[in-house]
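To start, the structure under review is shown below, and the notes come after it.
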Amino acid sequence: MGANTSSKSLPFGENEEVTFDHFEILRAIGKGSFGKVCVVQKSDTKKMYAMKYMNKQKCVERNEVRNVFKELQIMQGLEHPFLVNLWYSFQDEEDMFMVVDLLLGGDLRYHLQQNVRFQEGTVKLFICELVLALDYLQSRHIIHRDIKPDNILLDEHGHAHITDFNIATMLTKETQVTTIAGTKPYMAPEMFNSTKPIGYSFAVDWWSLGITAYELLRARRPYHIRSNTSTNEIAHVFKTATVMYPAAWSEEMVMLIKKLLETNPDKRFSQLKDIQDFPYLSDVNWNAVLQKRITPEFIPTKGRLNCDPTFELEEMILESKPLHKKKKRLAKKEKDTNKSNSSQVRASRCMCVVKEDFHSVRKPTIT
């Protein structure tokens, strides 16, 4: 890791190494292509976290090991009030684990599916919080590439946080990013250049923010693009489609979203200064936003996790190796291994699948 990240990621001393045994598994709250997420409590401090875990064998089979380490490397260097921050990482012979902030408010996709209709004031604050996070990522030369309601989590007070750096990438002066990556309905037009691959920059995340803001206000996206829409069709949509803005929206909000959904990345709002200079946001106290002193209009239901309850049922009923039974399972496996040298060889071979530097991490508390 570079010098700019070492102060943020402090490896534990030998006597303080954090492992799976230091956490109590409480319940499953989500899953994705990367693996699963559950709520955990650290045994000594009683502090609650979200634990993201990925099966090693599946990562190897899907050729995703490199992505997992890239995500870990990126997250170790980050800490911001509007990101889901990483606190610990470790592995055992079955899984790799990343322990991050627990946000009890649910993701914005969940709330859209619950037919929440976000008011303009709510979306305005989301935009302010998220552009502060994007500006921070930009200062760290990071393009997230997957900004969408699914990857924006709310805390219990209703503040927005960006999560999932699974396909994030670093942009430096020496490198050009041309890879098509992301979720198609939220991807910027410059990623679909059909004639030749051209480099794109941080502006792709600001386009995705514009799509997200529109969707939150209208419960549908501005362009009819699906995950199975072909690249050529998408390029055609951007050239021919007209985005409709409901008459009930304020003129200022429409203008702001239009600036985010500018198809030419050179003219698109893609810096914090663009947003701060925009008349609609001239009354915003940006220090108060950063310190979460602005009270959100939309506050998630308290006393619940605000997530799909089927995740917990699937973990308990369908999962062949449920996480809450891991300690017993590994203890039995170790006992059996001691009886069989061949089992020991297989276990050590599995450990070699993933690099040794998936190490424990601790960060200072954000002040």
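Worth pointing out:
- Criterion (over 21 Å from PHE192 (Cβ atoms), surrounded by 16 or more Cβ atoms within 10 Å (Cβ to Cβ) and touching a residue at least 60 places away in the same chain (Cβ under 8 Å)) met by exactly one of LEU209, LEU216: LEU216
- Taken over the stretch 60-69, the criterion of being under 21 Å from HIS144 (Cα atoms) and either touching a residue at least 24 places away in the same chain (Cβ under 8 Å) or in a strand (DSSP E or B) (or both) is satisfied by GLU64, VAL65, ASN67, VAL68, PHE69.
- The stretch 137-175: number of residues that are over 12 Å from the mean Cα position of the chain (by Cα), of a type outside the set (A, V, I, L, M, F, W, C) and under 26 Å from THR122 (Cβ atoms): 6
- Residues in the stretch 284-303 that are assigned to a helix (DSSP H, G or I) and among the aromatic types (Phe, Trp, Tyr): TRP286 only.
- Residue within the stretch 261-272 that is outside any loop (DSSP other than H, G, I, E, B), assigned by TED's automatic domain parsing to the domain that holds ASN115 and loosely packed, with under 14 Cβ neighbours inside 10 Å present: no
- Any chance ASP155 is over 30 Å from ALA247 (Cα atoms) and in the same structural domain as LYS184 (by TED's automatic domain parsing): yes
- Top-ranked residue of the stretch 212-249 - restricted to ones that are basic (Lys, Arg) and out of contact with any helix residue (DSSP H, G or I) (no Cβ under 8 Å at 6 or more places or on another chain), ranked as farthest from LYS184 (Cα to Cα): ARG218
- Residues satisfying the stated conditions in the stretch 73-94, i.e. in a helix (DSSP H, G or I) and surrounded by 19 or more Cβ atoms within 10 Å (Cβ to Cβ): ILE74, MET75, GLN76
- Within the set GLU93, GLU120, the sole residue that is within 22 Å of HIS159 (Cβ to Cβ) and in contact with a Ser or Thr (Cβ under 9 Å, 6 or more places away or on another chain) turns out to be GLU120.
The values are calculated or read from the model by the stated rules, or taken from the named source; none is laboratory data. Bear in mind the structure is a predicted one, so any value in this text is a computation, not a measurement. Virtual Cβ from ideal backbone geometry, glycine too; neighbours counted across all protein chains shown.
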